[in-house]
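The values are calculated or read from the model by the stated rules, or taken from the named source; none is laboratory data. Everything quoted here is computed from the prediction, not taken from an experiment. Backbone-built Cβ (ideal geometry, glycine too); neighbour counts: all protein chains shown. Please note that ligands, DNA and RNA were not included when accessible areas were found on the heavy atoms of the full protein model with its side chains. Shrake-Rupley method; radii C 1.70, N 1.55, O 1.52, S 1.80 Å.
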Amino acid sequence: MRLRDLLCPSRALLVAAAAVLLATGCRSHRADEARSGPEVIYAKAQKAIRNSSYAEAVKQLEALQSRFPFSEPARQAQLDLIYAYYKNRQVDPAVDAADTFIRENPTNPRVDYAYYMKGLVYFERQSNWLERRFNVDLSQRPPVNAKKSFDAFQQLIQKYPHSQYATDSRQRMVFLRNRLADFELHVALYYMRRGAYVGALNRAKFCVENYDGSPAVKGSMKVIVDAYRALKMSDLEANAEKVYAANYPGSVGDVVPKKHWWAIF
């Protein structure tokens, strides 16, 4: 027998060994699949959330809903997935998940949480990290997300006034209401500078009628007085001035918009 035949195994032996390894691998894979039931996947997701590994939590929760959609852990995971999306800064998926839960579980005792999370997602979407870093005034930006956030919190409070999230929602609504009023005043002042006095009057009136009590109402009242003056509607100007003086005694001078660092460029 040649030395090469002694050192190299036969082809038959190689094929047999490969078959054994393949069978072992298949059994191992099936065993892993069996061990990765819905409870195991849910536990992994919970661990990822506790460790602030939100991308991993999203991955596990999505896998759970995809592979075991009708299991009890999958139903429990619906709210967890909203939170994981939110913490992972996945805005649209978080809102979609909240809307889905609200639509499919209108009588669920935790549906108030879905409303709250929806409002919170839009609340934090108002500005990006750079704008927050430089404390940028958002009053000049259309408050689309602020309105959506306000509406979600409002639905929560109207439907579940005794929810554990109601107090925080009300506090956020005060801020959002002032934010919406500030934008109306900003637009009214813009129209005034452009000489569009009717447009300014309408926006200022809208602010006064819909956001009574917000700081922007004072500026809006002054815009109403100035717009009537510019339109030479003396009687209405006089009436508006009386209302303004009665509500803000001692206030004189025009409303001046706030200056920002970028205005000098």
Kindly provide the set of residues from region 196-212 that are assigned to a loop (DSSP other than H, G, I, E, B) and out of contact with any Lys or Arg (no Cβ under 9 Å at 6 or more places or on another chain), ordered by number.
ALA196, ASP212
How many residues are of a type in the set (Ser, Thr, Tyr) and not in a helix (DSSP H, G or I) when one looks only at region 39-80?
3
Under 8 Å between Cβ atoms, which residue pairs at least 6 apart in sequence (or on different chains) link something in region 63-74 that is among the aromatic types (Phe, Trp, Tyr) with a partner that is in a loop (DSSP other than H, G, I, E, B) and surrounded by 17 or more Cβ atoms within 10 Å (Cβ to Cβ)?
none
Can you list the helices (runs of 4 or more DSSP H) lying wholly within region 98-195 that have 2 or more residues being of a type in the set (A, V, I, L, M) and modelled with pLDDT of 95 or more?
111-124, 144-159, 166-194
Could you give me the residue pairs with C-beta distances under 8 Å whose first residue belongs to region 102-113 and is within 11 Å of TYR160 (Cα to Cα), whose second residue is open to solvent by 100 Å² or more (accessible area, probe 1.4 Å) and modelled with pLDDT of 95 or more wherever it lies, and which are 6+ apart or on separate chains?
ASP112/LYS159; ASP112/GLN164
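Here is a yes/no grid of residues against (1) surrounded by 14 or more Cβ atoms within 10 Å (Cβ to Cβ); (2) assigned to a helix (DSSP H, G or I); (3) at pLDDT 95 or above:
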{"residue": "SER214", "(1), (2), (3)": "yes, no, no"}
{"residue": "ILE224", "(1), (2), (3)": "yes, yes, yes"}
{"residue": "ALA238", "(1), (2), (3)": "no, yes, no"}
{"residue": "GLU241", "(1), (2), (3)": "yes, yes, no"}
{"residue": "ALA245", "(1), (2), (3)": "yes, yes, no"}
{"residue": "GLY250", "(1), (2), (3)": "no, no, no"}
{"residue": "GLY253", "(1), (2), (3)": "no, no, no"}
